[in-house]
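The values are calculated or read from the model by the stated rules, or taken from the named source; none is laboratory data. Everything numeric here is computed off the predicted structure, so don't read it as measured data. Note: ideal-geometry Cβ built from the backbone for every residue, glycine included; neighbour counts use all protein chains shown. Surface accessibility is based on the protein's heavy atoms, side chains included, excluding ligands, DNA and RNA. Shrake-Rupley method; radii C 1.70, N 1.55, O 1.52, S 1.80 Å.
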Amino acid sequence: MSERLEDIAAAIVANGKGLLAADESSGTIKKRFDVIGVESTADSRRDYREMMFRTKDAMTRYISGVILYDETIRQKAADGTPLVDIIKASGAIPGIKVDAGAKPLAGFPGDTVTEGLDGLRERLADYYKLGARFAKWRAVIDIDTTRGVPSATSIGANTHALARYAALCQEAGIVPIVEPEVLMDGTHDIGTCYEVSKATLTKLYDELYAARVVLEGTILKPNMVLSGKKSGTVDSPEEVAAKTIKLFRETVPAAVPGIAFLSGGQEDEEATANLNAINAIGPHPWKLTFSYGRALQAAPQKAWSGKASNVAAGQAAFTHRAHMNHLAALGKWKASLEQAA
Ligand code: 5MM
């Protein structure tokens, strides 16, 4: 395929395909494996991810790319084939998480700033050689209005880092996935999520512009506009869609080819229904698809549960969720399709 940044970005969001976010760092994958009673070792992580990447139907029809963690991009399948080659053989594009995680922001209790810029130019050159053609950096913006979180300083520091990361990626021939995640963990209402997301995206596009990032060669990976999990409110897909699209129309330039949502702790079907409602009220200037971690993987993880005898069941569960989200990315999903399956 073409190596132009614009073409890679367009391919990531084409034809209702989306991204599999399989870039859990060692601590996060351990938490996921704890839930299914599987010990997290290099081999169990390899076996699990190999199962996903060898799911032919899901990978060839519904998945445009996979976000990998440093360990995985260097790992070989049980038969010695590099995992990256399995992904490429399916037609999907390998990608890589390059941030070093969110750390407490000094002087601002409750705020974090994502680190990882030191040495990034050299790491990107290495990842390019290993086959990565896109990267991901996640900024984490929490909401706690009782403590003034997020502060303007946190939004400024995080979006500045995202812009410096994005510029370095483009210099290396790698498409930056720009992920400013406004967390849905708090007690806040949907209006507060909208306001914080608007402040974040407004500042983000200022910073990307100032850093001379070519927007046509980027993908935005945002949260949807939702009430906090601890508010006790589950918003209707229609309300989520209306507020999320209003936000993007106000803040995201039409030059951005695609928006690939994170799932952020939504239930599997909730993430699908909300994506579908967003696409059902189109047309929009950007493609809107998924870059889900938990909402694509919770079901296959449970079905697999670390047993070789469950690989087919894990692959079937992955194919189903990828298919449902593919339909949602086209605005063609219906709840009855979940029951039929
Ligand atoms: C898959 O999880 C990603 C990595 O998280 P850690 O750095 O904490 O290990 C995460 O960045 C993920 O790609 C996005 O948050 C989207 O995942 P969800 O589960 O929110 O769809």
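I want to make sure I understand the PRE zone here: with the label point 7 angstrom from the Cα of residue 79 toward its beta carbon, which residues in the stretch 39-71 have backbone N atoms less than 18 Å away?
46-60
For the stretch 182-234, what is the accessible area per residue in Å² when the probe is 1.4 Å? List each step's numbers first, then the result.
Details: 2310 Å² over 53 residues.
Per residue, the stretch 182-234 has 44 Å² of solvent-accessible surface.
Distance between Cα centroids, the stretch 305-341 to the stretch 138-164: provide it in whole Å.
34 Å
Return, ordered by residue number, the residues of the stretch 297-316 whose backbone nitrogen is under 13 Å from a label point located 7 Å along Cα→Cβ of residue 61.
Those under the cut-off are 316.
Roughly speaking, what is the stretch gain from residue 339 to residue 39, that is 0.36 nm per residue apart minus the C-alpha to C-alpha distance, in nm to one decimal?
Result: 104.8 nm gained on full extension.
Carbon and sulfur together cover what percent of the accessible area of the stretch 48-139 at a 1.4 Å probe radius?
Numbers: 1930 of 3770 Å².
On the stretch 48-139, the fraction of accessible area on carbon and sulfur atoms equals 51 percent.
In a GNM of the chain with a 10 Å cut-off on Cα contacts, which of 118, 189, 126 has the highest mean-square fluctuation?
Of 118, 189, 126, the most mobile in the Gaussian network model is 118.
Take the solvent-accessible surface of the protein heavy atoms, probe 1.4 Å, and return the percent of it on the stretch 210-331 that carbon and sulfur atoms account for. Intermediate values should be presented prior to the final figure.
On the way: 2470 of 4530 Å².
Accessible surface attributable to carbon and sulfur in the stretch 210-331 totals 55 percent.
In Å², what does the accessible area per residue of the stretch 65-136 work out to with a 1.4 Å probe? The partial results should precede the final answer.
Numbers: 3090 Å² over 72 residues.
I get 43 Å² per residue for this part.
Compute a Gaussian network model of the chain, connecting alpha carbons closer than 10 Å, and tell me which residue from 71, 181, 24 fluctuates the most.
Looking only at 71, 181, 24, the biggest GNM fluctuation is shown by 71.
Zone of residue 242 (label point 7 Å along Cα→Cβ, backbone N under 14 Å): which residues in the stretch 255-282?
278, 281
Given Cα pairs under 8 Å that are at least 6 residues apart, what percent is the relative contact order of the chain? Write down the numbers at each step before the final one.
Values: 695 pairs, mean separation 63.6, N = 341.
Across the chain, relative contact order equals 19 percent.
When only DSSP loop residues count, what trypsin sites (Lys or Arg not before Pro) in the stretch 148-235 have their Cβ near at most 14 other Cβ atoms within 10 Å? Before the final figure, lay out the partial values.
Details: sites: 164, 198, 203, 212, 229, 230; in loops: 212.
Answer in residue order: 212.
Please list, by residue number, every one of the trypsin sites (Lys or Arg not before Pro) in the stretch 257-330 that is coil in DSSP and has at most 13 other beta-carbon atoms within 10 Å.
Those satisfying the criteria are 307.
What is the Cα centroid distance between the stretch 66-111 and the stretch 219-241, reported in whole angstrom?
Taking the Cα centre of each part, the stretch 66-111 and the stretch 219-241 sit 26 Å apart.
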